[in-house]
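So the structure is just underneath, and the comments pick up after that.
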Amino acid sequence: MEITIVKDVKNPLLERREIEAIIAFQGPTPKRDEVLVELAKVLKVDDTHVEVDKIYQRFGRQEAKVIAFVFDKPVREKKVEVKEEKEEGGEESQTEQEGGAEKASEEKEEGKEEQKEGKEEEESKGDE
């Protein structure tokens, strides 16, 4: 992937640099994370300070326009830490959902049994 910086504007009010770049690539359009890492290397900053805002793919061409921001302070945690938090939360919610589904199916079965008993009682009364 080849990156060419087209515009680099300092915005002191928002404490960031606004970057406009053209990326040339082979194959499918690169993912945001890939562009972010490569852009951080070109700009010689830590990738936690970079945020890719938009990637505009040019139809039929192997290039895209990228709008990104480089902040003075880190804007996000390292990606590895974020994934661990999501996995832990995901496991808890799955077990809660499974427990809720089991309770709901048990309640449905109980309701069906009560309906059957009610019908049997009505039929036995009708026979007498």
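No lab work stands behind these numbers, since they all come straight from the coordinates. On a predicted model such as this, the values are computed, not experimentally measured, just so you know. Neighbour counts run over all protein chains shown; Cβ positions are idealised from the backbone, glycine included.
Summary of computed values
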| quantity | calculated |
| --- | --- |
| Extension gain (nm, one decimal) between Lys73 and Glu34, 0.36 nm per residue minus Cα-Cα | 12.0 nm |
| Tensor-based shape of segment 2-71 (alpha-carbon gyration tensor, a/c under 1.5 rounded, otherwise prolate or oblate) | prolate |
| Sum of side-chain charges, Glu15 neighbourhood, beta-carbon under 11 Å (Lys, Arg +1; Asp, Glu -1) | +3 |
| Net charge over other residues, Cβ less than 10 angstrom from the Cβ of Ile55 (K, R count +1; D, E count -1) | +3 |
| Extension reserve of the Asn11-Lys41 stretch, reckoned as 0.36 nm per residue once the Cα distance is removed | 8.7 nm |
